[in-house]
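Quick note: the coordinates plus some simple rules give every number you see, no bench work behind them. This is a predicted model, so every value here is computed, not measured. For neighbour counting, all protein chains shown are included, and Cβ atoms are generated from backbone atoms with ideal geometry for every residue, glycine included.
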Amino acid sequence: MGDYYLEYRFHIVPREPATEILIAELGELGFESFVETPEGLLAYISEQDWTENLLDQVQIFANKDFSITHERREIPQENWNAVWEQSFEPIEVGDLCVVRAPFHEPRGVKYEIVIEPKMSFGTGHHETTYLILRLLIDLNCEGKTVLDMGCGTGVLAILAAMKGADTIDAVDIDSWSYENTLENSRRNGQERIAVYQGDVSVLEKGKEYSLILANINRNVLLTDIPAYTEHLTSGGLMVLSGFYTEDLPLISQCCEENGLRLDNTLQKNNWQAAVYRLS
């Protein structure tokens, strides 16, 4: 586990659509958390994943339609809570769900999820997490076997557990996310969520799920959809996000090639989520 994260503070003019493009590119390079600001964007990456010339790969910097500058600083692990307390506001997902931090007052809604985000992705602030939460609220989880791939803070697995899922496995390749999901599961009284560190290869051979949630970037999804499908029951649902609306045809093509058909979609600020059903 790394001892610190790097915070990049980007100043972006004009902010849109440059911010969305920059988030997509940084996500491909291993940046894990993003906070949009009036000036542009805060982006965070583990020192384990960082290299000196990493940003040389960001193509939008060469686009003369945008002015993008940045500053960088190190944030020790123990200072992460202070960073989030300055910027983390409760997130309302429809009328039934709120995602908040421990230092916020309770809201008294049906599904109140308390998240200590630390350095993990998945607080509901990013559109993709919000979209899956919103879709999940309307899905029947009672008695289901659920897999949360790329679990981040564990927020999706926690909501599935609150909605009556029978068995929930949560998987993330990042050690901070693994620890954070364990902590947040306990914090929300959902200790029965089984948490694993790794990628799709850690899934138990032959185990099937009736609902698979995957909020990961486009390239990982395209690579792993065949493996996810092998673990999905007949008639089961796969809820995917982490990609832009223009990438939906590509994701859907990959899903169709693996026996999945599009069941529902939801969009927010050009980010997309989609629900597929295994025939």
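Whole-Hz Karplus values for segment 91-106 come out as 10, 9, 10, x, 9, 10, 10, 10, 10, 9, 8, x, 8, 8, 6, x Hz, taken residue by residue from phi with 6.51 cos²θ - 1.76 cosθ + 1.60 and θ = phi - 60°; glycine and proline positions read x. Among the GluC sites (Glu not before Pro) within segment 134-205, those in coil by DSSP and having at most 15 neighbouring Cβ atoms inside 10 Å are GLU142, GLU191, GLU204.
What the phi angles of segment 49-56 give under the Karplus curve with 6.51, -1.76 and 1.60, with θ = phi - 60°, is a coupling list of 9, 8, 10, 4, 9, 4, 6, 4 Hz, glycine and proline written as x.
For PHE243, the amide hydrogen comes within under 5 Å of the amide hydrogens of GLN272, counting only partners 5 or more places away or on other chains and with H modelled in the peptide plane. Charge dipole (Cα centre; +1 on Lys/Arg Cβ, -1 on Asp/Glu Cβ; no other charges) of the chain amounts to roughly 740 debye. Here is how the number arises for the chain: DSSP H runs of 4 or more residues each give -39500 (n - 2.57), the sum is divided by the residue count, and the result at 222 nm is -8000 deg cm²/dmol. As a calculated quantity, the FRET efficiency between ASP49 and LEU96 at R0 = 25 Å, using C-beta atoms, amounts to about 0.10.
In nm, to one decimal, how far is the HIS11 label point from the LEU222 one, both placed 7 Å along Cα→Cβ? Modelled inter-label distance: 3.6 nm.
Would you count, across segment 127-278, every pair of lysines whose alpha carbons are under 22 angstrom apart, provided the pair is eight or more residues apart or spans two chains?
Total qualifying Lys-Lys pairs in segment 127-278 comes to 4.
Distances between placed amide hydrogens fall under 5 Å for TYR209 paired with LEU232, THR233, all partners being 5 or more residues away or on another chain. Whole-Hz Karplus values for segment 265-277 come out as 9, 8, 10, 8, 6, 6, 8, 10, 10, 9, 10, 10, 10 Hz, taken residue by residue from phi with 6.51 cos²θ - 1.76 cosθ + 1.60 and θ = phi - 60°; glycine and proline positions read x.
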